[in-house]
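**Student:** Submitted below is the structure of interest, expressed as C-alpha cells.
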Amino acid sequence: MKFAITSKGDSKSNALMHKIRAYLLDFKLTYDEQKPDIVISVGGDGTLLYAFHRYSGRLDKTAFVGVHTGHLGFYADWVPEEIEKLVIAIARTPYQIIEYPLLETIIRYQGGGKETRYLALNESTVKSVDGTLVMDVEIRGEHFERFRGDGLCVSTPSGSTAYNKALGGAILHPSIRALQLAEMASINNRVFRTVGSPLILPAHHTCTLKPVNRRDFLVTIDHLTLLHKDVKSIQYRVANEKIRFARFRPFPFWKRVHDSFVSN
Ligand code: NAP
C-alpha cells in the first residue's frame, strides 16, 4: 500500500510526520506523494482541508485520516500518543471506509466564458468586493428571495461545525446528503426581506445565486479565497464525489460535537 503524509508545518507536526513515515516504512509500506492510497494529515482540521484539495483529483482512490497536534478536530481525531496503534492499523489493511458528502460550486460568467467548478469539504461563501452583497437566491430554478447583507455561506454536513456554526447554522450529521445555506448579517426591515433562517437542501435540489447589479465577488472554497469577475451565476449542489475517511475505531460524530463544543 502507498501512503503520503501532510503536515501543518510546525515543529511538533513535522516531528510526528517523520515518526509516522519511519514507522510505516518499517512496515514495508511505500511512500508515494503522487498516488497515495491513504493520506495521513498531521496538524488540525485546517491541515486536512489542504490535504483534501491537494488530492481532490483522486478522491475515489485515496482515503484520509487525520492526527491532531493541537485541539481535538472533526477531521483530525487521532492524538499523537495513539500513532503506534494507528500505524499498525494502517499496515493491517483492509480498513473500514466512511464517506462524507462534498459541495459542488459551479461559477458561470457573463459573455459565456468557461465555467469554473470547485469541490469543497467545508463550505463556499460569497461576499461582495465592497459594500453590501445583493444577490437573488433561486432554489430548484425558482426565485426564492433577494438577499442583501454581508454574505452567504453554503456548507457541507461535515463543514456545518465550522463557519456555518458561527453563523447560527444547524449541525448536520455527515450521513445526511445535503447542503446548508446560511446568511451573514442580512438586512431585514420593512423594505428588504429574507427568510432569516438557515435552509437545508436535499441532494437533488440546487441553489443558485444571481447578481443583481455588481458582478464581481469574493468566493471562498474552504480556505481559498478567489475573486471572480463578471459573474452570471453561482450554482451549488451536493457533489457526486465524496471524501473517504479510513476508519479504524468508532468515534461517533455526536461525541466529537460534544467533546469539541460542550465539554471534554
Ligand atoms: P483558520 O482561520 O486558520 O481556522 C479556522 C478554524 O476552523 C480552525 O480552528 C479549524 O480547526 C476550524 N475548522 C476547520 N474545519 C472545521 C470543521 N469542519 N469543524 C469544526 N472546525 C473546523 O482557517 P483554516 O484552517 O484555513 O480553515 C478554513 C476554514 O475556516 C473554513 O473552511 C471555515 O469553515 C473556517 N472559518 C470559520 C470562520 C468562523 O468561524 N467565523 C470564519 C472564516 C473561516 P483546526 O485548528 O483544527 O485547524
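**Student:** Specify the residue that is nearest to the ligand (Cβ to nearest atom); the eligible residues are those in segment 50-62 that are buried (at least 22 other Cβ atoms within 10 Å of the Cβ) and touching a residue at least 60 places away in the same chain (Cβ under 8 Å).
**Tutor:** Phe52
**Student:** Right, something else. Could you list, in sequence order, all residues of segment 4-27 that are outside any helix (DSSP H, G or I) and either surrounded by fewer than 16 Cβ atoms within 10 Å (Cβ to Cβ) or without any contact (Cβ under 8 Å) to a residue 12 or more places away in the chain (or both)?
**Tutor:** Of everything in segment 4-27, those that are outside any helix (DSSP H, G or I) and either surrounded by fewer than 16 Cβ atoms within 10 Å (Cβ to Cβ) or without any contact (Cβ under 8 Å) to a residue 12 or more places away in the chain (or both) turn out to be Gly9, Asp10, Phe27.
**Student:** Tell me yes or no: at least one residue of segment 196-218 is under 23 Å from Ile243 (Cβ atoms) and among the basic types (Lys, Arg).
**Tutor:** No, there is no match, as no residue in segment 196-218 is under 23 Å from Ile243 (Cβ atoms) and among the basic types (Lys, Arg).
**Student:** If a residue counts only when it is within 16 Å of the ligand (Cβ to nearest atom) and either in contact (Cβ under 8 Å) with a residue 40 or more places away in the chain or closer than 25 Å to Pro174 by Cα (or both), which strands (runs of 3 or more DSSP E) contained entirely in segment 73-155 have at least 2 such residues? Spell out the reasoning first.
**Tutor:** Working: elements: 76-78, 96-109, 116-120, 123-128, 133-139, 142-155.
Per the criteria, 76-78, 96-109, 116-120, 123-128, 142-155.
**Student:** Residue under question is Val65, and the condition is that it be over 16 Å from the mean Cα position of the chain (by Cα), within 25 Å of Trp254 (Cβ to Cβ) and either at pLDDT 95 or above or not assigned by TED's automatic domain parsing to the domain that holds Arg117 (or both); does it hold? Steps first, answer last, please.
**Tutor:** Numbers: over 16 Å from the mean Cα position of the chain (by Cα): no; within 25 Å of Trp254 (Cβ to Cβ): yes; either at pLDDT 95 or above or not assigned by TED's automatic domain parsing to the domain that holds Arg117 (or both): yes.
Judged against the criteria, Val65 is not a match.
Residues are listed down the side, and each one gets a yes or a no for (1) within 16 Å of Leu102 (Cβ to Cβ); (2) in the same structural domain as His53 (by TED's automatic domain parsing); (3) in a strand (DSSP E or B):
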position	(1), (2), (3)
Gly196	no, no, no
Leu201	yes, no, yes
His204	yes, no, no
Lys210	no, no, yes
Arg214	no, no, no
Thr220	yes, no, yes
Leu227	no, no, yes
Tyr236	yes, no, yes
Trp254	no, yes, no
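The values are calculated or read from the model by the stated rules, or taken from the named source; none is laboratory data. As the structure is a prediction and not an experimental result, all values here were calculated from the model. Ideal geometry is used to build each Cβ from the backbone, glycine not excepted, and the neighbour counts take in all protein chains shown.
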